[in-house]
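Colleague: Just passing along the structure, written as structure tokens.
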Amino acid sequence: PFDMAATSQESSASTPIFFVLFPGVDPTGWVEDLGKSFNITLERGMFVNISMGQGQEKPAEATLEKMSDKGGWVMLQNLHLMQSWLPSLERKLEVCSMNAHQDFRCFISAEPPGFAYMKNIPESLLQSCIKVANEAPSDLKSNISRA
């Protein structure tokens, strides 16, 4: 089984964790549960989860700045929907990480491209992240035991 705690130990304020989304897999619960163990919660204002889509660019950038200053966690979901904004995100992460609070973390999720020749996430952004790809098991017994 996937060990979110071990994966998080490899991250830092300047090294986001990038989740590759597959059908039946949602990393939100893993991140929220890990956050609770560090008292990083939505209720305390230390965790923000943004589902990316049209009009979310500025709120996401403002949240990254705020959380990098105070040591919170940001989860940006569905980045594959925001391809034209990704170079700006990459630059914002670079700038924020320069003086980030040591507890700041950024978690990113995106679907893989539909075909191998397609690229939907800049390679340089991927290189700066810890990548997590966790496909749901294909057989019923494994899916039931996983739930």
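All of the numbers you see were taken from the coordinates with simple rules; none came from a lab. A quick note: this is a predicted structure, and the numbers were derived from the prediction, not measured. Here Cβ is always computed from backbone atoms with ideal geometry, including for glycine, and neighbour counts include all displayed protein chains.
Colleague: Out of segment 52-107, which residues are basic (Lys, Arg) and more than 19 Å from Phe38 (Cβ to Cβ)?
Modeller: Across segment 52-107, the qualifying residues are Lys58, Arg91, Lys92.
Colleague: Then there is this: Determine whether Ala60 is buried (at least 16 other Cβ atoms within 10 Å of the Cβ), of a type in the set (A, V, I, L, M) and over 15 Å from the mean Cα position of the chain (by Cα).
Modeller: Against the criterion (buried (at least 16 other Cβ atoms within 10 Å of the Cβ), of a type in the set (A, V, I, L, M) and over 15 Å from the mean Cα position of the chain (by Cα)), Ala60 does not qualify.
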